[in-house]
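Please treat every number below as a calculation from the coordinates, not as lab data. Fair warning: this is a prediction, and the values are worked out from it, not measured in the lab. All Cβ positions, even for glycine, are placed from backbone atoms using ideal geometry, and neighbour counts span all protein chains on display.
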Amino acid sequence: MDWLNAIVQGTLLGGLYVLFAAGLSLIFGVMRLVNIAHGDLIVLGAYLGLTVTTTVGLHPLAALVIVVPAMGLIGYALQRGLLNQTLGDDLLPPLLVTFGLSVILQNGLLELYTADPQKMDAGALETASVTVGGLTLGVLPLLTFGFAVAVIWGLQWTFYRTGLGRAFRAVSDNQDIAQLMGLNRRHIFGLAMALALAVTAIAGILLGIRTSFDPSIGGGRLIFGFEAVIIGGLGNLWGTLAGGVILGVAQTLGAKIDPGWQILSGHLAFLIILAIRPNGLFPRIAA
Amino acid sequence: MSLQDYTVTRSSQAARVAAVLGALALIVLVCAPWWAGRADMRLMGELFLYLALASLWNLMAGYAGLVSVGQQAFVGFGGYVLFALTMFGGLHPLAAIGLAGLLGALVSMPVAVLIFRLRGAYFAIGTWVIAEVFRLGFAQISALGGGSGSSLPVAIVKSLASKRAMRESISYWLALGAAVLVVGCVYLFLRSRKGLALTAIRDNELAAASLGIDIWRAKFTVYVVTSALTAMIGALIFLQKLRISPDAAFSVNDWTAFVIFIVVIGGIGTIEGPIIGTLVFFALRETLADLGTIYLIVLGLVAIVMMLRAPKGIWGLVRSRFDLQLFPLGYRVIAPKPEKEA
């Protein structure tokens, strides 16, 4: 029963990693951009949530109504103002510019909010639980997992059922021809980043309710998201969901053996999958 | 004018002048223990170690196209190997530094086989995962102090030299020697047949492969050599610091972010770039470091602006204007002086 419990809790933890990963997966799928600052943007989302809850007095989940569009706007502005300039055949500019952005965000947050760990207060939601067949499940982890499935489903639907999704797929397949067909790729890229950061906002707020956070934790969140994307296979959104769950389960199983092994066993699971299946479990695009 | 009148040369006036000035500067620097104060020597020692790290990162990213954000894995590995071998193996620190390089090479081989499966930016984050695995792994070793780290025992420090002044001179010379060794190795490597292959890969991977260059092997060689030398530099860094902990040893800011800034600001893909970048970085640090986080924000901004406006860095700007090459790598054709003909 203990092991079953660890697996179930790991699956729910994986939901959070799926939310970290979804934005990465989306922008890589649309514009082949890997954003090193992604983890710091998640932390930015958490801090925006904190500011909204403390100044307006909203419940953290209600703060999503403000933080999600705000992060979307930041994403659009960031893409059009900065990141579009880095796109091209050369790999270095996007990598180094987002790396610089990561340093700026981290130290900017440090300057504004200090290094003290912060946490969002979600009241009774934090400790509420339900018992299912002998297992006690936290309501917050269940909610997080629900958000993760909904986000993946929503992105999948957007990609394959809407005009915007068609534009995403078109610029992903061939930017120049998409441009000839009357799509403005700079605008499309901006929208993709806006959508990615909207998802990041959800990830940030759920992270901030679940654990305490400080400006330095962005790098670790980026790595978790990245591992989920690679485990699941590049460009496959449902694969990313599976990847996040595998990572979460690996971590809770590792923690069960020895608490010091939690993060390490997640990384090791990632490396093992990389060794056996270099393209991830369910690849759709070649890296 | 016939074809025979043209000459092909590698060297140039500027390169010869630079070589002479460089040799003079080196002599002055070797004599530093006799003219510089203790604080200056420490600062210069640190500068040389950063120069070595930057030159190595530049060789990987600028020439082999291996953009790593996980070189702290080998810096920390080298530091920990130094501590382990001197504390438990009873080795002399200098022997431990050499062995750190050897072990670094051995460890980097399976790592390379694994992460070379990732391309481009995913390779970059993959190297970061490796560094995290190293950090968490070393934090589990309780003999080395676990998560809180350990200090180098006095007896080992004294085995380097019994007098403090002598110890500081030795550690300064080691740092200077490491920088000269690394820059020299990179220069000679790039002039060799393998270096030519590497430059070809940098310019166009597909074309290089079609000319028969084994790209995977070339990159593998660079990764292993760079990792070994980075581990040796790491051992030197922590021989100076005398204290090691997982967070300091595997810090992404200290051993990768700063190094990337140095290379980007100086000029990626050139030997001169990291040298100029190191000087600029230390000048900025000495003047702005009191500002704390603002200083780091400025550094990030400078790197972004540099990457967007002048992707070849300061040295690229200089070279586009003056056609200079202080470390002659490329060949140039010299046309004969036009003769006055009727």
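Go ahead and estimate [θ] at 222 nm for chain B from helices alone: -39,500 (n - 2.57) per DSSP H run with n ≥ 4, summed, over the residue count, rounded to 500. Each step should come with its number before you reach the end.
On the way: 16 runs with 239 residues, N = 342.
That calculation yields -23000 deg cm²/dmol at 222 nm.
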If you find the alpha carbon centre of the stretch A:5-40 and of the stretch B:102-116, how far apart are they in angstrom?
28 Å
For chain B, the longest stretch holding no GluC sites (Glu not before Pro) located in a DSSP loop with at most 11 other Cβ atoms within 10 Å is which?
B:1-338
Using the alpha-carbon centroid of each, what span in Å lies between the stretch B:253-294 and the stretch B:134-160?
29 Å
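Below 8 Å between Cα atoms, with a sequence gap of 6+, how large is the relative contact order for the stretch B:1-140 in percent? Walk me through the numbers before you get to the answer.
Numbers: 71 pairs, mean separation 36.2, N = 140.
Here the relative contact order equals 26 percent.
Taking 37 °C and 0.692 mPa s as the conditions, I'd like the Stokes-Einstein D for the stretch A:94-203 in µm²/s, using the Kirkwood hydrodynamic radius from alpha carbon pairs. Write out the running numbers ahead of the final one.
On the way: Rh = 17.8 Å.
Calculated translational D: 184 µm²/s.
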Span from the the stretch B:1-66 Cα centroid across to the the stretch A:171-213 one, whole angstrom
44 Å
Rounded to the nearest whole number, the Stokes-Einstein translational diffusion coefficient of the stretch B:9-115 at 4 °C and 1.567 mPa s (Kirkwood radius, C-alpha pairs) in µm²/s is 76 µm²/s
Neighbour counts of other C-beta atoms within 10 Å: give me B:R193, B:R119 arranged from fewest to most.
B:R193, B:R119
Show me, bin by bin at 10 Å from 0, the whole-percent P(r) of the stretch A:218-287 based on Cα pairs.
25, 51, 22, 3
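Please report the net charge: other residues with Cβ closer than 13 Å to the Cβ of A:S212, K and R +1, D and E -1. It would help to have the intermediate numbers written out before the result.
Working: positive: A:K119, A:R210; negative: A:D116, A:D121, A:E126, A:D214.
Summing Lys and Arg as +1 and Asp and Glu as -1 gives -2.
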May I have the extent of the alpha carbons of the stretch B:40-252 along their three principal axes, as whole Å values ordered from largest to smallest?
58, 34, 27
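Give, in nm to one decimal, the length gained when the segment between A:A275 and A:Q118 is fully stretched (0.36 nm per residue of separation minus the Cα-Cα distance). Working shown, then result.
Values: separation 157, 0.36 × 157 = 56.52 nm, distance 3.78 nm.
Stretched fully, the A:A275-A:Q118 segment lengthens by 52.7 nm.
Using the crude model of +1 on Lys and Arg Cβ and -1 on Asp and Glu Cβ, and no other charge, please compute the dipole size for the protein assembly as shown relative to its Cα centre, in debye to 20. Present the calculation step by step, with values, prior to reporting the outcome.
Details: 40 positive and 29 negative charges, 207 e Å.
Value, rounded to 20: 1000 debye.
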The answer for chymotrypsin sites (Phe, Trp or Tyr not before Pro) in the stretch B:266-342 that fall in a DSSP coil and have at most 10 neighbouring Cβ atoms within 10 Å is B:Y331
How large is the dipole of the stretch B:40-252 about the Cα centre if only Lys and Arg carry +1 and Asp and Glu carry -1, each at its Cβ, rounded to the nearest 20 debye?
280 debye
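For the stretch B:202-276, with only Lys/Arg (+1) and Asp/Glu (-1) charged at the beta-carbon, what is the dipole magnitude about the Cα centre, in debye rounded to 20?
Details: 5 positive and 6 negative charges, 45 e Å.
The calculated dipole for the stretch B:202-276 is roughly 220 debye.
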The simple spin-label model distance between B:V154 and B:Q140, using points 7 Å out along Cα→Cβ, in nm, is 3.6 nm
Coordinate range along principal axes, alpha carbons of the stretch A:1-47, Å, largest first:
44, 27, 12
Under a cut-off of 18 Å between alpha-carbon atoms, report the aspartates and glutamates in cross-link reach of A:K256, not counting same-chain residues fewer than 8 places apart.
A:D2
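Is any helix in chain B, taking whole DSSP H runs, at least 15 angstrom long along its axis by alpha carbon and on average at least 0.0 on the Kyte-Doolittle scale, and which ones?
Details: long enough: B:13-30 (26 Å, 2.16); B:38-58 (30 Å, 0.57); B:72-88 (23 Å, 1.53); B:93-115 (31 Å, 2.18); B:120-139 (29 Å, 1.24); B:164-191 (40 Å, 1.14); B:193-203 (16 Å, -0.16); B:215-241 (38 Å, 1.14); B:272-288 (24 Å, 0.98); B:293-309 (24 Å, 2.35).
Flagged H segments are B:13-30, B:38-58, B:72-88, B:93-115, B:120-139, B:164-191, B:215-241, B:272-288, B:293-309.
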Quickly work out the A:I257-to-B:V17 label distance, labels modelled 7 Å from Cα along the C-beta direction, and quote it in nm with one decimal.
6.3 nm
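Assuming 0.692 mPa s and 37 °C, estimate D for chain A with Stokes-Einstein, Rh taken as the Kirkwood radius over Cα pairs, in µm²/s.
Working: Rh = 19.2 Å.
Translational diffusion coefficient: 171 µm²/s.
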Treating the Cα atoms of the protein assembly as shown as identical point scatterers in vacuum, please give the log10 of the normalised Debye intensity I(q)/I(0) at q = 0.05, 0.10 Å⁻¹, two decimals.
-0.25, -0.95
Cα long-axis angle, helix A:139-161 against chain A (0 to 90 degrees, to the nearest 10)
20 degrees
Percentage, to the nearest whole number, of Cα pairs in the stretch B:92-191 over 19 Å apart:
65 percent
How about the stretch A:13-49: which chymotrypsin sites (Phe, Trp or Tyr not before Pro) there are in a DSSP loop, with at most 10 other Cβ atoms within 10 Å of their Cβ?
none
For chain A, the longest principal axis of the Cα atoms and the Cα long axis of helix A:237-257 enclose an angle in degrees, to the nearest 10, of 30 degrees
Among A:G146, B:Q13, A:T11, pick out the residue whose Cα is farthest towards the positive end of the charge dipole of the protein assembly as shown, where Lys and Arg carry +1 and Asp and Glu carry -1 on C-beta, about the Cα centre.
B:Q13
Compute the long axis of helix A:185-210 from its Cα atoms, compare it with the longest principal axis of the Cα atoms of chain A, and write down the angle in degrees, 0 to 90, nearest 10.
10 degrees
Of the trypsin sites (Lys or Arg not before Pro) in the stretch A:194-287, which ones lie in a loop per DSSP and count no more than 15 other C-beta atoms within 10 Å?
A:R284
